[in-house]
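Taking it in order: structure first as structure tokens, then the write-up.
The values are calculated or read from the model by the stated rules, or taken from the named source; none is laboratory data. The structure presented is a predicted model; accordingly, all values stated were derived computationally and were not measured. Methodologically, a virtual Cβ is constructed for each residue, glycine included, from the backbone with ideal geometry; neighbour enumeration extends over all protein chains shown. Keep in mind that these areas ignore ligands, DNA and RNA; they rest on the heavy atoms of the full protein, side chains included. Shrake-Rupley method; radii C 1.70, N 1.55, O 1.52, S 1.80 Å.
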Amino acid sequence: MRVALAGLGDIGLGAHLPALLRHPAVQLVRLVDPDAGRREIAAAQGIPVAADVDPGEVDGVVLATPPWVTPDLVVRYARAGLFVLAEKPVATSVEAAGVYGQLSSEERSRVQVGLTYKSEAKRS
Ligand SMILES: NC(=O)c1ccc[n+]([C@@H]2O[C@H](COP(=O)([O-])OP(=O)(O)OC[C@H]3O[C@@H](n4cnc5c(N)ncnc54)[C@H](O)[C@@H]3O)[C@@H](O)[C@H]2O)c1
């Protein structure tokens, strides 16, 4: 699967990048961030960088983006036919999360929210 990583901050470069590079089924083809400084840091990886995702060149996108940016990106890329893994939180308010209502059930089925840590339920 051809994948772009969008959001080259702490969690993008520190957690998602090494996980994507480790996965044998993933070909990481683009590192994306609108911030030129972040792209410059990430360019050391030897993977092409860009300011925006080109949905035509990938099957999926990982979004390690700020939660006020993530909702519109999830909707845009899911509607473009991509698989989307989005970092939580996926919105800053219930109102902002309303945009997910634009997605069909098929589009929603290609969206997963990244929850790195799960708390264990205590049993008495
Ligand atoms: N840092 C953590 O330990 C951690 C853990 C779990 C979840 N998260 C979540 O992951 C997300 C990212 O956190 P972070 O700490 O890496 O933030 P960060 O601020 O370090 O990085 C976010 C990056 O996203 C980029 N960005 C902004 N708009 C973009 C766009 N339209 N397309 C692509 N990139 C864009 C920014 O330029 C920045 O480089 C947040 O939602 C956060 O809540 C972070």
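Calculate what fraction, in whole %, of the accessible area of the stretch 1-83 sits on carbon and sulfur atoms when a 1.4 Å probe is rolled over the protein chains. List each step's numbers first, then the result.
Values: 2270 of 4130 Å².
The nonpolar share, carbon plus sulfur, comes to 55 percent.
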For the Cα atoms of the chain, what angle does the longest principal axis make with the long axis of helix 70-79, in degrees from 0 to 90, nearest 10?
80 degrees
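Wrap a convex hull around the Cα atoms of the stretch 2-114, take a quarter of its surface area, and give that in square nanometres. It would help to have the intermediate numbers written out before the result.
Working: hull surface 26.1 nm².
About 6.5 nm², averaged over all directions.
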Quote the relative contact order of the stretch 2-114 in percent (integer), defining contacts as alpha-carbon pairs under 8 Å separated by 6+ residues.
24 percent
Lys/Arg Cβ at +1, Asp/Glu Cβ at -1, dipole of the stretch 2-114 taken about the Cα centre: which of L8, V26, A50 is farthest positive-ward?
V26
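Could you provide, to the nearest whole Å², the per residue accessible area of the chain with probe 1.4 Å?
61 Å²
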